[in-house]
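A.B. asks: Have a look at this one before I ask anything.
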C-alpha cells in the first residue's frame, strides 16, 4: 500500500500536493479554536436538546418542529441527531459528527467534479469547498438547515449516475434523498428540478418511475401516519399556506434585486468572498455556458478522435445537467413569497462550488494568464472571508460552562428546571439546559432558574418564584430538555390538532 502511494505521488506530484493542501486547509478552518467556534446557541442547541432527551428516554419522535409557517417538518433530522448520541464523544458529539460530514462533503464534491470534468475539476471543487466560508460555517451547525448542502450534493451525484446508467437503484435513491431533504428543511423543495431534469433527459422506463416514486414516498411516511390519525392536518396546512398563507405578508420581490443582489451576495458567501466576486463568477459562468452550448455540435465533432475525448463530451453533458437543474431552482426560488434568509441558499452549496470550479478552469483554458489571475482573486477573497470565520462566536461553550458552574456553586447538588426570558432567553437557555441535561442535572422537577442575555451581551440568571409562571403573561419560557421535546414533537397529545376553520 505504501509503495503504491509513493508511485502515485511520483506520477501525480501536483495533484498529490493539491490533495494534501486541500485536506490541511479543510482541517485548519474546521478545527482551529474549535470549542469557541461551534454554534451552541438557539436552534442548534434546540435540536440537540430534543434528540438527547429522545435518546436518553429511548423514544422515537413521530414528527419534527414547526417551520416559520403553519406546518411541521418530518422527524428525520431528530432521528439522525439521536443516532449521533450512540457515539461517546461527550457534550459536543453532534457537532463533532457534523464536522466529519463536512469532510465527507469535500470528498463527494471531488467525486461530482470528477464526474463532470475529471480529476482537475474534482480537486478544484474540493479545494474551493475546503476554504468556502459558507461550508466552514456550516460545519459548526446542528440545526436542520445544516443537512441541506450534503443532501443536495448526494442528489446531484445520483442525477449524474442515473443519467449515465439508467439503473433503477439510482432512481430510487435520488427520489429518496430529494424527498428526505424536503422533509428535513422545506426550502430544499428547490431540489425538485433535479428530478425534473432526470425525467426530461433520460426517458425513464416504467420500472425507473416506480422506484423513483417509491424512494420519494418513504421519507413521507411519518407525515402520512400523522395525517391518517388527525384528519390530514399537515396536508391541509400546507395547502392553506400555498393558496392563502404566503400572500398574507408582502415582501418586495423584484427580479432585478433577486438576480443582481441576492444571488451575487449568496454566491460570494459560498465562493468568492463578496458580492462583486460572486457576480463576476455568475457572469463568467453564463458566458462560458452559452459559448459551450452554442458550439455543442462543433465541439462534439472535434472530440471524436479518442475515448478520452468522448469522456470529455460526456462530462460536458453532465455539466449542463447540473447547471440546468440549478438554473431551474434559481427561477423557482424567485417565486418564493417571503424574506430570503442566508440559510435558504444552503441547497446551492454544491452547485455553486462545482460551477465556480468549472468556470475557473474554462477561463484558464481560454487564456492561461487570465485564468490564473482570476483564480488568484477568487481564492484570495474567499480565503480572507474564511479567516474571518476563525474568531470566536458571540456565545461560546466556555460562556455557557461558566454560567452553569456559577449556578452549580450557588446550589450544589440540585437539579434545575431552566427558563429563558421571552425576549432573548432562547439564545442561552437552550445550551444551558442541554449541558446540564448531559450531566443529569436538568429536570422539570428541579429548582426553577431563569436566564437572559443582557444588552451588553453578558448573561444573567435568577431563581424564579412559582407565581411568576402563572397566567399567560409570564416573561419566562420553559426550555428544559423534556419540555422542549414534548412541545416540539408531542404537542398533539395534549392539544388535538385543528385546522383553521374547524
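Each value in this text was obtained by applying a stated rule to the coordinates, not by laboratory testing. The shown structure was predicted, so the numbers you read here are calculated from the model rather than taken from an experiment. Using ideal geometry, Cβ is built from the backbone for each residue, glycine included, and neighbour counts are taken over all protein chains shown.
A.B. asks: Give the distance, in whole Å, between the Cα centre of segment 1-70 and the Cα centre of segment 145-222.
C.D. replies: 23
A.B. asks: A further question on this structure: How much mean residue ellipticity at 222 nm does the chain get from its helices, if each DSSP H run of length 4 or more adds -39500 (n - 2.57) and you divide by all residues, to the nearest 500 deg cm²/dmol?
C.D. replies: On the way: 21 runs with 313 residues, N = 502.
Value at 222 nm, helices only, nearest 500: -20500 deg cm²/dmol.
A.B. asks: What FRET efficiency would be calculated for the residue pair residue 166, residue 493, taking the C-beta separation as r and a Förster radius of 41 Å, to the nearest 0.05?
C.D. replies: Details: r = 46 Å, r/R0 = 1.13.
Efficiency at R0 = 41 Å is approximately 0.30.
A.B. asks: Below 8 Å, C-alpha to C-alpha, sequence gap of six or more: please give me the relative contact order for the chain in percent.
C.D. replies: Details: 719 pairs, mean separation 102.7, N = 502.
It comes to 20 percent, rounded to a whole number.
A.B. asks: Restricting things to Cα coordinates, could you compute the convex hull volume per residue of the chain in Å³?
C.D. replies: It is 185 Å³ per residue.
A.B. asks: While we're looking at this one, here's another question. Take each of the peptides 168-176, 229-237, average the number of other beta-carbon atoms within 10 Å over its residues, and list them starting from the highest.
C.D. replies: Numbers: 168-176: 22.3, 229-237: 17.0.
Highest-to-lowest ranking by the protection proxy: 168-176, 229-237.
A.B. asks: Taking 7 Å along the Cα-to-C-beta vector as the label spot, tell me the residue 366-residue 439 distance in nanometres, rounded to one decimal.
C.D. replies: Placing both labels 7 Å beyond Cα along the Cβ direction yields 5.9 nm.
A.B. asks: Then there is this: Looking only at the chain, where both bridge partners belong to it, what percent of the DSSP beta bridges are antiparallel (to the nearest 5)? Could the numbers behind the result be given before it?
C.D. replies: Details: 9 of 15 bridges.
Roughly 60 percent of the DSSP beta bridges within the chain come out antiparallel.
A.B. asks: Given labels modelled 7 Å from the Cα in the Cβ direction, how far is it in nm from residue 341 to residue 119?
C.D. replies: 4.3
A.B. asks: Right, here's the next one. Only residues of segment 352-395 count here: report those whose backbone N is under 15 Å from the spot 7 Å along Cα→Cβ of residue 201, or say none.
C.D. replies: 352, 354-355
A.B. asks: Taking a label point 7 Å from the Cα of residue 214 along the Cα→Cβ vector, which residues of segment 163-183 have an amide N closer than 16 Å to it?
C.D. replies: Correct set: 167-177.
A.B. asks: Let me ask something else. Classify segment 38-136 from the C-alpha gyration tensor, please: rounded if a/c falls under 1.5, else prolate or oblate depending on whether a/b exceeds b/c.
C.D. replies: prolate
A.B. asks: Go ahead and run the numbers for FRET between residue 31 and residue 67, Cβ-Cβ distance against an R0 of 56 Å, rounding to 0.05.
C.D. replies: On the way: r = 32 Å, r/R0 = 0.57.
The computed FRET efficiency comes out at 0.95.
A.B. asks: Still on this structure, I have one more. Determine, for each peptide in 43-54, 354-365, 240-251, the mean count of other beta carbons within 10 angstrom over its residues, then list the peptides with the highest first. Can you show the working numbers first?
C.D. replies: Values: 43-54: 24.8, 354-365: 22.8, 240-251: 11.8.
Peptide ranking by packing, descending: 43-54, 354-365, 240-251.
A.B. asks: Here is a follow-up. Kindly state, to the nearest 0.05, the FRET efficiency for residue 411 paired with residue 377, given R0 = 51 Å and r defined as their beta-carbon distance.
C.D. replies: Values: r = 57 Å, r/R0 = 1.11.
The computed FRET efficiency comes out at 0.35.
A.B. asks: If you don't mind, another one. For segment 397-493, rounded, prolate or oblate, judged on the Cα gyration tensor with a ≥ b ≥ c (square roots of eigenvalues), a/c < 1.5 rounded, else prolate if a/b > b/c?
C.D. replies: Numbers: a/c = 1.42, a/b = 1.20, b/c = 1.18.
It is rounded, given that a/c, with a ≥ b ≥ c, falls under 1.5.
A.B. asks: Need one number: % antiparallel among DSSP beta bridges in segment 397-493, to the nearest 5.
C.D. replies: 55
A.B. asks: For segment 88-198, I need the span (max minus min coordinate) of the C-alpha atoms along each principal axis, in Å, sorted largest to smallest.
C.D. replies: Ordered largest first, segment 88-198 gives principal extents of 44, 34, 25 Å.
A.B. asks: Could you put 346, 185 in order, starting from the residue whose Cβ has the fewest other Cβ atoms within 10 Å?
C.D. replies: Ranked by crowding around the Cβ, least crowded first: 185, 346.
A.B. asks: Can I ask one more? Angle check, please: helix 233-243 long axis (alpha carbons) against the longest principal axis of the chain (alpha carbons), in degrees 0 to 90, nearest 10.
C.D. replies: 60
A.B. asks: Now for a different question. Restricted to Cα positions, what overall size does segment 156-284 have along the principal axes? Three whole-Å values, descending.
C.D. replies: So the three principal-axis extents are 47, 43, 22 Å.
A.B. asks: Among 23-31, 456-464, how do they line up from the highest to the lowest mean number of other beta-carbon atoms within 10 Å?
C.D. replies: 23-31, 456-464
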